[in-house]
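The values are calculated or read from the model by the stated rules, or taken from the named source; none is laboratory data. Small disclaimer: the values here were computed from a predicted structure and weren't measured. Heads up, the Cβs are rebuilt from the backbone with ideal geometry, glycines too, and the neighbour counts pull from every protein chain shown. Just so you know, the surface numbers come from the protein's heavy atoms only, side chains and all, with ligands and any DNA or RNA stripped out. Shrake-Rupley method; radii C 1.70, N 1.55, O 1.52, S 1.80 Å.
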Amino acid sequence: MSELQIGLLSIGIFLVVAVYLYGFWQQRGYRNKFDSFNKSQHKDALYRSNSAAADALLDEDVAALGRHEPLRATIGDDIVELLNPDTDYVVTINLKVPLSSDVLVPLWEQRFDFGKSVNACGLNASTEGWERLIPESLPAYNAFKIGLQLADRSGSVSEIRLMNFHDILRDIGEQIHADIVLPSVAEAIKQAKALDEFCAEVDQMIGLNILPGGDRLLFGSEIAQVAERRGLKLQSDGAFHLLNEHGLTLFSLGNLDNTPFQHHTLTQVRVKGLTLLLDVPRVESPAYRFDEMAVLARELAMDLRAGLVDDHRVSLGDGAIAQIREQVATIESRMLAGKIAPGSTQALRLFS
């Protein structure tokens, strides 16, 4: 190594050492100034230690938790319709000490094996109010009411499944030493069959058919435009639905041959006709809704340059419409006499 290189290297090392010493001296000065400031009477939240800041945030979170009750599914006045002795086999479990819904785990594990809907409510030990139970419900309860629906559109509950439901809840009651009220299974089966027969009698769907004249077909894109203009939207079942403010179907418009419509084929499909349907038990005030449906059907027929006909392709005039309305009104009256209001929560469960 030459003398020049050695000299340059020495100068470089000197400069590095000098810069380091200057930085160390400056950092020490800043630290002394900060420590003296931190020891003064002034206390700013920005200068608190990490642990102190964390403690403060934790205190705020705990306080916030105290201001909010645990999340749970409440049902309020709907409990009467959720667990109705007229439509459900309802078991009551009165607890000797407050317990969580975890004691119902054997029921939760098999709730899809009974062939019908299972609903449960608990009497909250803190609020003393009934609320709907789900497997994740957190509060402690003084009592439970658990119901198995007796019938739906697939028929009445089977005796074997109802007995299985009965036995599971009986075993739960015995294990937790609770007072349990178990209705007669035999009587419940009779009630289920009678309920199913009643529902079958009033379970009616009214359809008004819209057919173009001659051999003319209706284009899917034209149907979609007309339907959407009248407030109907294409749903996953392949029909256009008019929904109420709760998102429930009032009327549905489908293909006459029941072939579902699909978004990606609307521009290609052609159909012979359409059917506007009213599911009578599932809408409130069916007779009034039928009046609305008749008006809508006429508007759709006019927009599509088609006619309004019955299932025999006979033109529907005012007289025929009035006769159909009378049938709808009769069904509505029978349901009300049977203490099942059309369109109610109870009706929506039974006719599903």
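Highest mean first, what order results for 191-203, 127-139 on Cβ atoms within 10 Å?
Details: 191-203: 17.4, 127-139: 15.2.
The most tightly packed comes first, giving 191-203, 127-139.
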Can you tell me the Rg and the Dmax, both Å, for the Cα atoms in region 264-347?
15.4, 48
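Rounded to a whole number, what % of the accessible area of region 167-298 do carbon and sulfur atoms account for, probe 1.4 Å? Don't jump to the answer; show the numbers that get you there.
On the way: 3350 of 6890 Å².
It is 49 percent, rounded to a whole number.
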Taking a label point 7 Å from the Cα of GLU284 along Cα-to-Cβ, the residues of region 232-251 whose backbone nitrogen sits under 16 Å from it are 243-251
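For an R0 of 25 angstrom, estimate the FRET efficiency from the Cβ-Cβ distance between LYS193 and THR330 and round to the nearest 0.05.
On the way: r = 23 Å, r/R0 = 0.94.
Efficiency at R0 = 25 Å is approximately 0.60.
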Return the distance in nm (one decimal) between the two label points of a simple spin-label model at ARG230 and ASP113, each offset 7 Å from Cα along Cα→Cβ.
4.8 nm
Ignoring ligands and nucleic acids, ASP318 exposes an accessible area, probe 1.4 Å, in Å² to the nearest 10, of 120 Å²
Rounded to two decimals, the Debye log10 I(q)/I(0) of region 147-272 (Cα scatterers, no solvent) at q = 0.10, 0.20 Å⁻¹ is -0.58, -1.08
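If r is the Cβ-Cβ distance from ALA125 to GLU299 and R0 is 45 Å, what FRET efficiency results, to the nearest 0.05? Walk me through the intermediate numbers first.
Working: r = 56 Å, r/R0 = 1.24.
With R0 = 45 Å, the Cβ-Cβ based efficiency is 0.20.
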Quick one: Karplus J couplings for region 312-325, per residue in order, coefficients 6.51, -1.76, 1.60, θ = phi - 60°, nearest Hz, x for Gly and Pro?
9, 6, 9, 4, 9, x, 4, x, 5, 4, 5, 5, 5, 4
Solvent accessible area, Å² - ARG305, 1.4 Å probe, full protein context:
150 Å²
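Test of understanding: what is the full-extension gain from ASP179 to SER344, defined as 0.36 nm times their sequence separation minus their Cα-Cα distance?
Working: separation 165, 0.36 × 165 = 59.40 nm, distance 3.22 nm.
Computed gain between ASP179 and SER344 is 56.2 nm.
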Which whole number in µm²/s is D for region 91-153 by Stokes-Einstein, with the Kirkwood Rh taken over Cα pairs at 37 °C and 0.692 mPa s?
271 µm²/s
